[in-house]
Amino acid sequence: MCSTLTFILEYSCGHRYPKDSQKVDCRSKECRLSIHHETIAHNCLQRCKQGLVMSIA
Ligand SMILES: [Zn+2]
Ligand SMILES: [Zn+2]
């Protein structure tokens, strides 16, 4: 399942801010979020993982 990595910038004062985010593709054709997701007609709802993009903060 694909996810989104969020990089956190931490300052010496202790404050943290999200700096950047990067999509991590699981490269599965059965994952709806992947760029490799099946492009031909298929029963997506039953066959594929319909996950949400997770944000790790
Ligand atoms: Zn995926
Ligand atoms: Zn699908």
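Derivation of every value follows stated rules applied to the coordinates shown; laboratory data play no part. Bear in mind that the values here come from a model prediction, so they are computed numbers and not experimental data. Because the Cβ atoms are built from the backbone with ideal geometry, glycine has one as well, and the counts that use them run over all protein chains shown.
Spin-label model, Cys26/His42: points 7 Å from Cα along the beta carbon direction are separated by 1.3 nm.
Restricting to Cα pairs below 8 Å that are 6+ residues apart, what does the relative contact order work out to for segment 3-56? Please round to a whole percent. Relative CO of segment 3-56 lands at 34 percent. Highest GNM mean-square fluctuation among Ser12, Ser34, Ser21, for the chain modelled with Cα contacts below 10 Å: Ser12.
Please get the size of the charge dipole for the chain, origin at its Cα centre, with Cβ charges of +1 on Lys and Arg and -1 on Asp and Glu, quoted in debye to the nearest 20. Don't jump to the answer; show the numbers that get you there.
Details: 8 positive and 5 negative charges, 24 e Å.
Roughly 120 debye for the chain.
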